[in-house]
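Undergrad: I'd like to ask you about the structure that follows.
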Amino acid sequence: MANIKSAKKRIRQTETRTERNRSYMNRVRTFVKRVELAIVAGDHSQARQALLAAEPELIKAGTRGIIHRNTASRKVSRLAKKVNQLRSAG
């Protein structure tokens, strides 16, 4: 356990940030899962709506540094590609 006041503060800050980041990542995963479930179900309109909801969540996570910006962009791109393939297949 830390003895120095500043070290104790850093521990508190880390715990707060970890909890916030964990909560936000759970939210992002939920939005991504909704898109993937709609893709598996073969419902293009539902998948499109879910993608439109998931995209800003991923971009925000990248902006806030919860995930890397390129990772967020890549995930959006891959989901969009799958949704567009669903439209052309169906």
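Undergrad: How much length is gained if the chain between ALA2 and VAL40 is pulled fully straight, taking 0.36 nm per residue apart and subtracting their Cα-Cα distance, in nm to one decimal?
TA: Numbers: separation 38, 0.36 × 38 = 13.68 nm, distance 4.95 nm.
Taking 0.36 nm per residue and subtracting the Cα distance, the gain is 8.7 nm.
Undergrad: While we're here: So what are the ³J(HN,Hα) numbers for the range 74-80, from phi and the Karplus equation (6.51, -1.76, 1.60; θ = phi - 60°), rounded to whole Hz, Gly and Pro as x?
TA: These are the phi-based 3J(HN,Hα) values: 5, 5, 4, 4, 5, 5, 4 Hz.
Undergrad: Given the pairs LYS5/LYS75; LYS9/LYS60; LYS60/LYS81, which are separated by over 31 angstrom at their Cα positions?
TA: From the list (LYS5/LYS75; LYS9/LYS60; LYS60/LYS81), the Cα-Cα distance tops 31 Å for LYS5/LYS75.
Undergrad: Summing -39500 (n - 2.57) over the DSSP H runs of n ≥ 4 in the chain and dividing by its residue number, what mean residue ellipticity at 222 nm do you reach, to the nearest 500 deg cm²/dmol? Write down the numbers at each step before the final one.
TA: Working: 3 runs with 78 residues, N = 90.
Helix-only estimate at 222 nm: -31000 deg cm²/dmol.
Undergrad: Given a 1.4 Å probe, how much area per residue of the range 48-90 is accessible, in Å²?
TA: Values: 2860 Å² over 43 residues.
Result: 66 Å² per residue.
Undergrad: How much of the accessible area of the chain, in percent, comes from carbon and sulfur atoms when a 1.4 Å probe is used? Walk me through the numbers on the way to the answer.
TA: Numbers: 3290 of 6710 Å².
Carbon-and-sulfur percentage of accessible area, whole number: 49.
Undergrad: Relative to the longest principal Cα axis of the chain, at what angle does helix 5-41 sit, 0 to 90 degrees, rounded to 10?
TA: 10
Undergrad: How far apart, in nm, are two points set 7 Å out from the Cα along the Cα-to-Cβ line at ARG29 and at ARG64?
TA: 1.5
Undergrad: Relative to the longest principal axis of the chain, what angle (0 to 90°, nearest 10) does the C-alpha long axis of helix 44-63 take?
TA: Helix 44-63 and the main axis of the chain meet at about 30 degrees.
The values are calculated or read from the model by the stated rules, or taken from the named source; none is laboratory data. None of the values given here were measured: they were computed from a predicted structure. Note: ideal-geometry Cβ built from the backbone for every residue, glycine included; neighbour counts use all protein chains shown. The accessibility values were calculated without ligands, DNA or RNA, using every heavy atom of the protein model including side chains. Shrake-Rupley method; radii C 1.70, N 1.55, O 1.52, S 1.80 Å.
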